[in-house]
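This report refers to the structure that appears directly beneath it.
The values are calculated or read from the model by the stated rules, or taken from the named source; none is laboratory data. Nothing here was measured: the structure is a model prediction, and the numbers come from that model. Cβ sites come from the backbone with ideal geometry, for glycine too, and all protein chains shown count toward neighbours.
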């Protein structure tokens with residue numbers, strides 16, 4: 001524990017921009033904790049506390065796996081987790097309907113960059129620059145897709161076991177169903193839905209109704225698929241930017257992607273970042 005604290009202290013002294021940005025983010029989380037305590041919003045208090053500690057996760061990752069993150073990568077990470085807190089806690093999702101999709105795109109870009117960095121620890125051949133680069137890029141791509149899958153599973157388990165609506169509802173006006181047909185031979189198509197009425201029984205036995213105007217709610221399927229698609233697109237965007245950077249001056253690779261700090265990776269880092277490629 002003492003060694004990590006010393007490591008964290010050195011990182012703060014080494015990079016003032018990271019220190020200031022972390023300070024601002026931490027102040028925002030503390031404000032959120034106080035604000036939601038006044039409002040007596042327990043779930044948002046918990047979110048604010050969790051996201052406060054989430055701000056320190058990159059340093060734990062650096063310490064454990066021997067990576068060093070750039071200022072731009074760390075700032076991107078803070079923007080991502082800040083939006084992830086503001087979206088549900090401050091109800092920004094209701095104002096910006098596509099914010100959740102944007103966050104998934106943004107996070108996919110970050111996670112692919114992290115996966116690329118982790119890939120450099122397994123792929124190390126100073127004489128094979130192209131193979132190193134494409135191997136790390138492929139590793140980062142599939143690493144991001146794996147993280148996206150795990151995240152969607154966590155959202156599902158949160159909905160099922162903790163009764164938290166992590167999977168956003170989507171208002172639809174049509175659907176097709178084998179279930180309504182009663183057979184797998186053909187589907188029933190329902191179109192132009194104008195209203196859905198839900199009947200449910202309260203704990204006291206009384207029957208209540210909820211009317212959904214304009215269609216019916218898909219409870220998570222569309223949201224899950226769109227999130228996975230955003231994860232895929234974010235990884236592809238990272239791959240395109242990396243390819244452009246690798247074939248030119250490598251500014252993005254040098255200044256954004258976290259680099260390995262192990263002795264064994266120094267030769268590899270030089271191979272990936274400092275030589276002139278021949279694509």
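For the stretch 169-193, which positions are under 18 Å from residue 213 (Cβ atoms) and surrounded by 10 or more Cβ atoms within 10 Å (Cβ to Cβ)? Correct list: 169, 170, 171, 172, 173, 174, 175, 190, 193. Give 60, 78 a once-over and let me know the one that is modelled with pLDDT of 95 or more and assigned by TED's automatic domain parsing to the domain that holds residue 115. That would be 78, the only listed residue that is modelled with pLDDT of 95 or more and assigned by TED's automatic domain parsing to the domain that holds residue 115.
Quick test for you: out of 140, 135, 87, 158, pick the one residue that is closer than 21 Å to residue 64 by Cα, in the same structural domain as residue 224 (by TED's automatic domain parsing), part of a helix (DSSP H, G or I) and more than 12 Å from the chain's Cα centre (by Cα).
Working: 135 fails: closer than 21 Å to residue 64 by Cα; 87 fails: closer than 21 Å to residue 64 by Cα; 158 fails: closer than 21 Å to residue 64 by Cα.
After ruling out the rest, the residue left standing is 140.
Just for the stretch 33-78: of the residues that are touching a strand residue (DSSP E or B) at 6+ places or on another chain (Cβ under 8 Å) and part of a helix (DSSP H, G or I), which one is farthest from residue 103 (Cα to Cα)? Across the stretch 33-78, the extreme among qualifying residues is 62. Please determine whether any residue of the stretch 120-127 is surrounded by fewer than 20 Cβ atoms within 10 Å (Cβ to Cβ) and in a helix (DSSP H, G or I). The answer is no; no qualifying residue exists. Within the stretch 16-51, the set of residues being touching a residue at least 12 places away in the same chain (Cβ under 8 Å), under 25 Å from residue 66 (Cβ atoms) and in contact with a helix residue (DSSP H, G or I) (Cβ under 6 Å, 6 or more places away or on another chain) comprises 17, 18, 21, 25. Yes or no: residue 70 at pLDDT 95 or above and in contact with a helix residue (DSSP H, G or I) (Cβ under 8 Å, 6 or more places away or on another chain)? Spelling it out, it is not the case that residue 70 is at pLDDT 95 or above and in contact with a helix residue (DSSP H, G or I) (Cβ under 8 Å, 6 or more places away or on another chain). The set of residues in the stretch 147-168 that are at pLDDT 85 or above and surrounded by 13 or more Cβ atoms within 10 Å (Cβ to Cβ) comprises 147, 148, 151, 152, 155, 156. Taking the criterion of being touching a helix residue (DSSP H, G or I) at 6+ places or on another chain (Cβ under 9 Å) and either free of Cβ contacts under 8 Å to residues at least 12 places away in the same chain or part of a helix (DSSP H, G or I) (or both), the residues of the stretch 5-15 that qualify are 7, 8, 11, 12, 13. Of the residues that make up the stretch 194-213, is at least one outside the structural domain of residue 76 (by TED's automatic domain parsing) and within 28 Å of residue 102 (Cβ to Cβ)? Yes; the residues of the stretch 194-213 include at least one that is outside the structural domain of residue 76 (by TED's automatic domain parsing) and within 28 Å of residue 102 (Cβ to Cβ).
Among the residues of this structure, residue 86 counts as one that is under 24 Å from residue 169 (Cβ atoms) and touching a helix residue (DSSP H, G or I) at 6+ places or on another chain (Cβ under 9 Å).
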